[in-house]
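First comes the structure, then the notes that go with it.
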Amino acid sequence: MATTTSSFTLTTSSTTLFRHYITKSTSINNPRTLIFKKKASIFMAAATTTTKVVPAVIVGGGRVGKALQDMGNGDDVIVKRGESVPLDFPGPVLVCTRNDDLEAVLDSTPKSRWSDLVFFQNGMLEPWFQSKGLGDADQVLAYFAVSKLGEPPTDGKTDTNPEGLTAAYGKWASAVAGRLIAGGLSCKVLEKEPFQKQMLEKLIWICAFMLVGARHPGASVGAVEKEYRSEVSSLISELAAAAAAEKGIVFEPAMEDRLCAYSRAVAHFPTAVKEFKWRNGWFYSLTEKAIAEGKPDPCPLHTAWLKEIKVI
């Protein structure tokens, strides 16, 4: 996918190649290597300074919304609570609100612009998309954190995925990736199936680590990974099996390793079971459906622990 610049076309693969060459080349005494590395460095500098970020409407002026605005070129429009999305502003509409505010966002967006909405929310949004006729809505899996309003985001790169985990899907995916990369973050553009797998992996991460942490008051994400690994491993396996069966997919191997690696990268995060409808609630709906059909609970551990902390 190409990101248009003012003077040339810059592809993610070409920048990665140059960066790899600059940092990994071992032939440091070869004059041709030195010349190429110098030219590559000039190329990367030019790419950093001339990348044209596609202007966007940004819905939500919180930490993520402000960070996305700071990555732009000053041409963005910020839409705050109670304001309407402009009808005649071209480009993506980046939705950076809480999940429970999505209904209000849709109400304030002209229907002709619904196809330009790009959702940054965590959790399972597919049932809501379907109920609103949004179909294959654009989404971003944001594996980065903004600790305070106005502070630069921290990329959630891990020891198993040093290239970064943030991913975008949909017609505006390349534009979003270009913005994030211009802001010093990683982002890959994925097709529907691989994106769905990664979305479900992140959902499993949130549901598993937050629930196990809630069983041990005060436990951070890092503490769950380090001190309660067997509990979270069992829950990851159970939720992954249930999600795979429901969606008819096969996850890539070593999911537990990837999710635990991410937990080490954001070890300071607190744990709590929040936004139940959008997170653990999806897995509990699978439980309710199975029981209603006279089948075994596909997530018995998940159900037992939700009852233990009195969420259900």
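The values are calculated or read from the model by the stated rules, or taken from the named source; none is laboratory data. Note that this is a predicted model, so its numbers are computed, not measured. Quick reminder, even Gly has a Cβ in these numbers, built from the backbone with ideal geometry, and neighbours come from all protein chains shown.
Results, tabulated for the structure shown:
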item	result
Every pair of residues 6+ apart whose Cβ atoms lie under 7 Å, when the first sits in the range 295-307 and is farther than 15 Å from Ile204 by Cα while the second is surrounded by fewer than 17 Cβ atoms within 10 Å (Cβ to Cβ) and of a type in the set (Val, Ile, Thr)	Asp297/Ile291
Test: residue in the range 115-122 that is touching a Ser or Thr at 6+ places or on another chain (Cβ under 8 Å), closer than 24 Å to Asp75 by Cβ and outside the structural domain of Leu239 (by TED's automatic domain parsing)	yes
Criterion: buried (at least 21 other Cβ atoms within 10 Å of the Cβ) and either touching a His at 6+ places or on another chain (Cβ under 6 Å) or in a helix (DSSP H, G or I) (or both) - qualifying residue of Glu238, Glu231, Glu256, Glu225	Glu225
Selection within the range 108-124 - under 19 Å from Ile58 (Cα atoms) and under 19 Å from the mean Cα position of the chain (by Cα)	Asp116, Leu117, Val118, Phe119, Phe120, Gln121, Asn122
Set Val189, Val176: member being surrounded by fewer than 20 Cβ atoms within 10 Å (Cβ to Cβ) and within 21 Å of Asp136 (Cα to Cα)	Val189
Subset tally (residues that are part of a loop (DSSP other than H, G, I, E, B), crowded, with 16+ Cβ neighbours inside 10 Å and of a type in the set (A, V, I, L, M)) for the range 259-279	2
Selected residue (criterion: farthest from the chain's Cα centre (by Cα)) from residues of the range 139-194 that are of a type in the set (S, T, N, Q) and outside any loop (DSSP other than H, G, I, E, B)	Ser174
Breaking point among (1) modelled with pLDDT under 50; (2) surrounded by 15 or more Cβ atoms within 10 Å (Cβ to Cβ), for Gly91	(1)
Filtered residues of the range 64-88 (kept if at pLDDT below 95 and either aromatic (Phe, Trp, Tyr) or surrounded by 16 or more Cβ atoms within 10 Å (Cβ to Cβ) (or both))	none
Single residue of the range 116-138 satisfying the filter (in contact with a Gly (Cβ under 8 Å, 6 or more places away or on another chain) and part of a strand (DSSP E or B)) that is surrounded by the most Cβ atoms within 10 Å (Cβ to Cβ)	Val118
Selected residue (criterion: surrounded by the most Cβ atoms within 10 Å (Cβ to Cβ)) from residues of the range 156-173 that are among the small types (Gly, Ala, Ser) and modelled with pLDDT of 95 or more	Ala168
Top-ranked residue in the range 55-87 [being in contact with a Gly (Cβ under 6 Å, 6 or more places away or on another chain), free of Cβ contacts under 8 Å to residues at least 60 places away in the same chain and part of a loop (DSSP other than H, G, I, E, B); ranked as farthest from Asp107 (Cα to Cα)]	Pro55
